[in-house]
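Worksheet for the structure shown next.
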């Protein structure tokens, strides 16, 4: 028997994977439409109903009656299934790849058992306005999970209502606004301070809630600059909204001083805990003095990201600020669970009903599977993975981790590929796209790039040493290619679903096509133009 | 909207000017190559002109569109020598003027640029360094879309691509693109003598119009600055009041404020407003001091220049230490598009007025206005305090 | 930290001691604690978190969760007439199948290459919604219909640069709450009363309120009370005459038979897509849409992502990307319009699958069948002494108000009696809309059989007698 296996190795290490993503060259759904095909049939109306109701549509006033049927595609069921299955194959979900490249997104394994539990009809088929006595089960889950988050963060109360992280951050800004208004200082306290390495939503949500933002740049070592904070704070300060560790993975050792400076000036502090995965059971928001904090359940608590949601956000507050939390909050009187809708100082509804219950259930189940020791193992392993990766990544020529040199990082690292890129004449985005030819991806960072030619990696606790080694080898391979055959890297991806796109039409109002119908109009107009 | 199944062809006329002595000094340890003397020294030391090679790299990238472009270029080492590299048939190449054997000068660059612009070209490619960009600006200003192929040692101007091959790619995309968006790029004049002595000082000496690309241009690792600059400008314009005079320093961002007010800014000079009215243009130090003697309330509006982010350098002659003392360092309003600050990353904005006491009073932290309700707090440092940090630092 | 060995857990591959040891050696440290050096000692938690005992096996975990959830009564066990923003429509098996695909479920923010499938699926969702709404621009979904409405009116504020927002008093209360919070103290939200007879907007009062500082006029169609707005076009015309933007909230499931807002002059359409193939989940399954014409002044004000079609370097190949990415906070932090983050993308894919299955015929048949069932229920309920269904002289879609004012029972009492018969009665409107007395909002869907509806009528008759 031939030794097939040996040929997969070189010098004791596995050779790079000969990956190719599914490429179906699939038409747009509308192109599959054939007149008369049906994908599903609605249930029929009994004759007696028909007799009593009559021609309900004909009875509508003409202005309300739809004249032309909507031009939806007409496709039979197997064809619909096939189309979407093909699209799913053209999508690199976490389950398929070493997804450590989406740094700050905390891509971790979403346990399948939790998917099964959240699809039980006893969760999916209940209506939010049912009498409370018929929903005791889900209310108990919400209550218990709130208790868990209180213990993890040290906060007194949590609202599980926000739709995701940014919604919770906005909620925090809204609470700051309400608090200062009650103190009679709304006009005076118009500024919220944040840092350039906190998530853009910290600044954007503050602005959306009507504040002016003051953004601080880090000191020369990349740490949050306390002197800058002291220079920025004033009687106009409403509060602080920062992430810690920041998106670079650096923890602010003086975080408690930061909070003191803001409190001394009369402001409040919100802790953006999107990056909490590395510090569960290690340190708590309350202990650093924060008044508000949030968690992303689809990051730290393992619920799946769903292509961009549904996720879930949890917004925590001290007793002093709890009255402002969104309404309702879950109550327990020792016997029964309930909903407290009588909350006059609340900021109102952040989201419909009570929260993304499917995600909350999965997050609860995840914590219940791990327990206290499990959670601290999660964090310690995530940090170990991150620093192991840091060690190995910096061994690749041309890749560095700027700032905090000699220090360890917490949950992620923002690398700079600047030297490699300058030498090879490629960009970080090019490198990321060539990495896709090996079955992984990475995310640079939010625009604009403060760290030059960035790449942010966050291994979490879900990936094995072998996974991390494979990822590093892929990047090393791509770095070599960038030096020797830069043209290949600049025109990547080659083994992906489609080829390099031209994005200029997307910024041109005359060309952008957000729907198929818009595309057809503009396409036909331009082919008729002289 | 282009039909996805076939694209109409776009013909483009591209100009090419190579400054064959650019980059001459770098390899042998001399910085820059301005000045005939430096050029001679460099050649003696065996320096090989880089500009032609870099230009060739760029031209090779135009192969795929060779049948759709016409090239206008200069004789011999100023372009003709590498024109063939793009695979363009010679009937589509036009040479301006006759070859000359002597060293090429700035005047040659300017003449060629003017002539090409007059003929009508879609894009002017030039290979060289900051000096070449300056010459191009002095010839065609912002009237012509241009793109630089980097061949100099250390290039500060934003009109250059991040690499020579990338310049070719960007030129190809722009030339054949169905929609050509452009933006401003600073042309900076680095004091070469100062650099040789370890101090970096850049002055704004022009603004060029370049393809609006977020990734492939120097110092442009950001989204288009249009939205940001307009927001800053509008915010500041709204705040201006008639009891105060505003001494406005050079820069594209400060120019945008004037645009918002419907006024013309002296790009490279200092202008003075009272509220929203222009009261003096392109003033010198003496005029400023005279004005200040009569005024109760004055502010200086300044924007950081160049990759290092100079607030007040030796190039800002009208806004002298005396003027700064008079106005007061806490009456300095700094405005900037956020991308400009992001490029600094952890480095501070710099001041080097020539007066140590004034430098020290400007140093510390400053609030920079970056848009409506958007303030960024940035460190300011005196150059002499950190010039060791700057030495060897790559400003890209 | 105590010297206990860390636990080994299936979700944590490097919890296995051998891997840990190797990795520690590679970094050159002896204890993971060293990696936390930047956290000051006084912020370190030196005890275990006080959490419930773990259930690390699937067997134990399943038992625990299913026992908890078994304390819920589902709308499959009982017959439910609850609506008011969350609907018990049928979720096609294919929708479930596609949203379970872990290629979609576990993906996030990859590029339009490795995640081409997500871009195409959402572009197709945007496109199908565009047909349903007769508009050329639809966003990647936001959190829910509440946020969609709140963002839509703020878009109108930015476009017109005005500060007043007029909303119909029959607005869904939760939407109003969201709007009030989101619009903040600098914008004013004013209510325009409804005509008591029809539930439609009082045009005379609208005229009085309209002026040149109104940014938007918002109403829902059908209203929260179930009535369709028969003067929708007049409302839009009046808004336009004042230079205001007309924003209409709709349930897309009605648009197979009801004319879309664009046809009567709406500039922005918004709402929730939960009805389109997303299970109720106790209010956990929502996603919001915003749609407009394809005009730059509108497009540039969307805070959400907008996926667009674009060519690639290979002729004939479909590529995708973000349209005008500059306008979002991902690109512009605080200069972007509002903010954007993870919202409800997977539900957008589910809704796309739903619409693809239904097609024009299915949406039409479904809409008609819902209206017929509702009409049947209204007719029979109205026949009961003391019960008026509906109390408004207006067309309805699937929800309608039932007034019990002329009986001597409160809605709470009636619902308790219905519950005993395994019926979940309509949402009690008595405190939300006291002007209408003891009334209730009933929702009928395509899942209600004649037997269900007859049972309801019967039970109500007994309850009020």
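Coordinate-derived values only; no laboratory data. Please read all numbers here as calculations on a predicted model, not as lab measurements. Cβ sites come from the backbone with ideal geometry, for glycine too, and all protein chains shown count toward neighbours.
Report the rotationally averaged projected area of chain A based on its alpha-carbon convex hull, in square nanometres.
Over every viewing direction, the Cα hull of chain A projects on average to 35.2 nm².
Percent relative contact order of chain C, based on C-alpha pairs within less than 8 angstrom and at least six residues apart? Walk me through the numbers on the way to the answer.
Numbers: 811 pairs, mean separation 86.8, N = 465.
The value is 19 percent.
When a footprinting reagent is the concern and you count Cβ atoms within 10 Å, what order do C:175, B:283 take, fewest first?
B:283, C:175
Can you give the relative contact order of chain A as a percent, counting alpha carbon pairs under 8 Å and 6+ residues apart?
The normalised contact order for chain A reaches 19 percent.
For region A:408-497, go through all pairs of different Cα atoms, get the mean of 1/r, take its inverse, and jot down that Kirkwood value in Å. Let's see the in-between values first.
Working: mean 1/r = 0.0742 Å⁻¹.
About 13.5 Å for region A:408-497.
Do the sum for the protein assembly as shown: with -39,500 (n - 2.57) for every DSSP H run of n ≥ 4, divided by all residues, what is the mean residue ellipticity at 222 nm, to the nearest 500 deg cm²/dmol? Don't skip to the answer; put the middle values down first.
Working: 43 runs with 480 residues, N = 1391.
Calculated mean residue ellipticity at 222 nm is -10500 deg cm²/dmol.
Which angle from 0 to 90°, rounded to the nearest 10, does the C-alpha axis of helix C:411-420 make with the longest principal axis of chain C?
Here the helix axis deviates by roughly 70 degrees.
By per-residue mean of other Cβ atoms within 10 Å, what is the highest-first order of C:44-52, C:260-268, C:7-15, A:409-417? If you can, show how the numbers build up before the last one.
On the way: C:44-52: 13.9, C:260-268: 23.7, C:7-15: 19.7, A:409-417: 27.0.
So the peptides C:44-52, C:260-268, C:7-15, A:409-417, ranked by packing, come out A:409-417, C:260-268, C:7-15, C:44-52.
Over region A:24-89, what is the mean sequence separation of C-alpha contacts under 8 Å (at least six apart), divided by residue count, expressed as relative contact order in percent?
That works out to 61 percent.
Can you tell me how region C:4-55 classifies by the Cα gyration tensor, rounded, prolate or oblate, using a/c under 1.5 as the rounded cut? Working shown, then result.
Numbers: a/c = 2.88, a/b = 1.05, b/c = 2.74.
The shape class here is oblate.
For peptide A:277-288, how many partner chain Cβ atoms fall within 10 Å of a residue's Cβ, on average?
4
Taking a cut-off of 14 Å, what percent of all Cα-Cα pairs in region A:24-89 are separated by more than that?
Pairs farther apart than 14 Å: 72 percent.
Which value, in Å³ per residue, describes the convex hull spanned by the Cα atoms of region B:311-368?
88 Å³
Sort region B:226-390 into rounded, prolate or oblate with this rule: let a ≥ b ≥ c be the square roots of the eigenvalues of the Cα gyration tensor; rounded if a/c is under 1.5, and if a/c is not under 1.5, prolate when a/b is larger than b/c, oblate otherwise.
Oblate is the answer for region B:226-390, as a/c is 1.5 or above yet b/c matches or exceeds a/b.
Sorted by average packing, counted as other Cβ atoms within 10 angstrom per residue and highest first, what order do B:349-357, A:263-271, A:429-437, A:192-200 take?
Listed from highest to lowest mean packing, they are A:192-200, A:429-437, A:263-271, B:349-357.
Would you mind telling me the antiparallel percentage of the DSSP bridges in chain C, rounded to 5?
The antiparallel fraction comes to roughly 55 percent.
On C-alpha positions alone, give me the angle between the axis of helix C:145-160 and the longest principal axis of chain C, in degrees, nearest 10.
The angle comes out at about 80 degrees.
Rounded, prolate or oblate, given the Cα gyration tensor of region B:76-187, with a/c below 1.5 counting as rounded?
Working: a/c = 1.35, a/b = 1.09, b/c = 1.24.
Rounded.
What average count of beta carbons from other chains do you get within 10 Å of the Cβ of residues in B:338-348?
So the per-residue partner count for this stretch is 6.
For region A:156-368, what number results from the quotient of the Cα radius of gyration and 2.2 N^0.38 Å?
The value comes to 0.99.
Over all alpha-carbon pairs in the protein assembly as shown, figure out the percentage whose distance exceeds 61 Å.
Numbers: 154359 of 966745 pairs.
Roughly 16 percent, once rounded to a whole number.
What does the structure give for B:160-170 when I average, per residue, the other chain Cβ atoms found within 10 Å of the residue Cβ?
3
May I have the pair-distance distribution P(r) for region C:185-342, computed from all Cα-Cα distances with 5 Å bins from 0 and rounded to whole percent?
Over region C:185-342, the share of Cα pairs per 5 Å bin runs 1, 8, 13, 16, 17, 16, 13, 8, 4, 2, 1, 0, 0 percent.
Once R0 is set to 51 Å, what does the formula 1/(1 + (r/R0)^6) return for the Cβ-Cβ distance between residue B:356 and residue C:42, expressed as a FRET efficiency to the nearest 0.05? Kindly include the intermediate steps, with their values, before the conclusion.
Numbers: r = 42 Å, r/R0 = 0.82.
Between residue B:356 and residue C:42 the formula returns 0.75.
So if the hydrodynamic radius of region C:248-406 is defined as the Kirkwood radius over C-alpha pairs, what does Stokes-Einstein give as its diffusion coefficient at 25 °C and 0.890 mPa s, in µm² per second?
Stokes-Einstein gives a translational diffusion coefficient of 130 µm²/s.
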